[in-house]
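Notes to accompany the following structure.
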Amino acid sequence: MKRKTVLITGASRGIGHAAAIAFAKGGYDLVLNCINSQKELTDLSESLKRRFAIRSLCCCGDIGNHMFVCQMFEQIRSFCQGIDILINNAGISYIGLLSDMSFDNWEHLIHTNLSSVFSCCKCAIPYMVAQKSGKIINISSDWGICGASCEVAYSAAKGGVNAFTKALAKELAPSNVQVNAVAFGIIDTDMNSCFDNEERTRLEEEIPAGYFAKPKEAAQFLYQLASAPPYLTGQIISFDGGWI
């Protein structure tokens with residue numbers, strides 16, 4: 001029986017890193033992507049191959065560049081024919097007033113957080129439709145639902161991911177391909193290391209669960225979502241400790 005393959009973008013750290021471990025432990029072959037941390041990604045890939053006797057392919061490059069994504073999927077077709085599960089996790093943030101944000105910063109964030117989702121889905125869908133099976137999980141944020149001051153571009157990109165998810169799910173449901181998004185709250189990753197101790201304590205007090213989720217918890221939920229019944233599609237599922 002052919003082992004399933006999952007593509008995880010932004011896999012060198014944080015949620016993506018934890019998700020790679022969770023899926024390897026579950027017996028999935030991996031395709032892992034990052035843009036800058038090639039050594040960390042390669043070390044992770046080699047470690048997971050040894051620990052879980054799975055296959056793993058590293059594809060380092062800018063996931064916001066459509067040409068790179070097309071080239072990555074050429075590598076994937078040689079590696080495993082196609083992707084069974086796509087986790088669009090790569091993302092960057094920008095904290096500051098919109099009036100202080102340059103157009104180049106805006107474009108970079110939109111390409112990384114939203115255009116990459118288009119590119120990966122466009123390349124992954126033909127195989128999934130041909131197989132009449134597949135799951136796409138887009139990593140979103142609570143800010144894509146309610147917006148955040150000083151994170152306008154990030155909120156806009158994640159709001160776009162949410163609308164993209166709902167629309168694509170309707171398009172692909174007849175082909176038995178499910179598309180969902182997870183709107184994460186505050187996960188204890190490098191992206192949220194910008195908070196000082198006072199800010200962190202104040203935020204933790206606002207979260208009913210009382211703490212920042214660990215990447216391992218986020219990864220566990222992604223793994224469970226990948227095994228959900230096919231009737232679950234087109235949903236934006238909050239994972240935020242009851243915060244929003």
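The values are calculated or read from the model by the stated rules, or taken from the named source; none is laboratory data. Fair warning: this is a prediction, and the values are worked out from it, not measured in the lab. With ideal geometry, Cβ positions are generated from the backbone for all residues, glycine too; neighbour counts draw on all protein chains shown. SASA here: full protein model, heavy atoms, side chains in, ligands and nucleic acids out. Shrake-Rupley method; radii C 1.70, N 1.55, O 1.52, S 1.80 Å.
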Env charge @ G96, Cβ radius under 15 Å, K,R +1 / D,E -1, value -3
Before anything else, pin down the relative contact order of the chain: Cα pairs under 8 Å, at least 6 apart, normalised by residue count, whole percent.
19 percent
Mind checking Rg over Rh on the stretch 120-244, alpha carbons, Kirkwood formula for Rh?
1.02
If each DSSP helix of 4+ residues adds -39,500 (n - 2.57) and the sum is divided by the residues in the chain, what number results at 222 nm, nearest 500 deg cm²/dmol?
-14500 deg cm²/dmol
Rounded percent of accessible protein surface that carbon and sulfur make up, the stretch 22-128, 1.4 Å probe
52 percent
Of K158/K216; K2/K170; K2/K122; K4/K25; K122/K166; K39/K214, those spanning more than 19 Å from alpha-carbon to alpha-carbon:
K158/K216; K2/K170; K2/K122; K39/K214
Counting only heavy atoms of the protein chains, get the accessible area per residue of the chain (1.4 Å probe) and round it to a whole Å² value.
48 Å²
Distance histogram for the stretch 4-145 (every C-alpha pair counted, 10 angstrom bins, percent rounded to whole numbers)
12, 43, 33, 11, 2, 0
Checking a compactness column here: for the stretch 171-244, what do you get for Rg(Cα) / (2.2 N^0.38 Å), N being the number of residues?
1.34
Assuming 0.36 nm per residue, please report the length gained on full extension of the stretch I145 to K25 beyond their Cα-Cα distance.
40.0 nm
In Å and whole numbers, how far do the C-alpha atoms of the stretch 86-133 stretch along each principal axis, longest first?
47, 15, 10
What is the stretch 25-99's relative contact order, in percent, from Cα pairs under 8 angstrom and six or more apart in sequence?
28 percent
Farthest towards the positive end of the dipole of the chain, among A209, N113, F73 and with Cβ unit charges of +1 on Lys and Arg and -1 on Asp and Glu, lies the Cα of F73
Write down Rg/Rh for the chain, rounded to two decimals, with Rg from the C-alpha atoms and Rh from the Kirkwood relation over Cα pairs.
0.95
C58's amide H: which non-local residues (gap 5+, or another chain) put their own amide H closer than 5 Å, with H modeled 1.01 Å from N in plane and none for Pro or chain starts?
L32
Determine the distance separating the Cα centre of the stretch 148-207 from the Cα centre of the stretch 217-244; give it in Å without decimals.
12 Å
Once you have all Cα-Cα distances for the stretch 62-166, histogram them in 10 Å bins from zero and send the whole-percent values.
15, 43, 28, 12, 2
Non-local residues with an amide H under 5 Å from the amide H of F184, with H modelled 1.01 Å from N and Pro and chain starts lacking one, are S140, S141, D142, F239
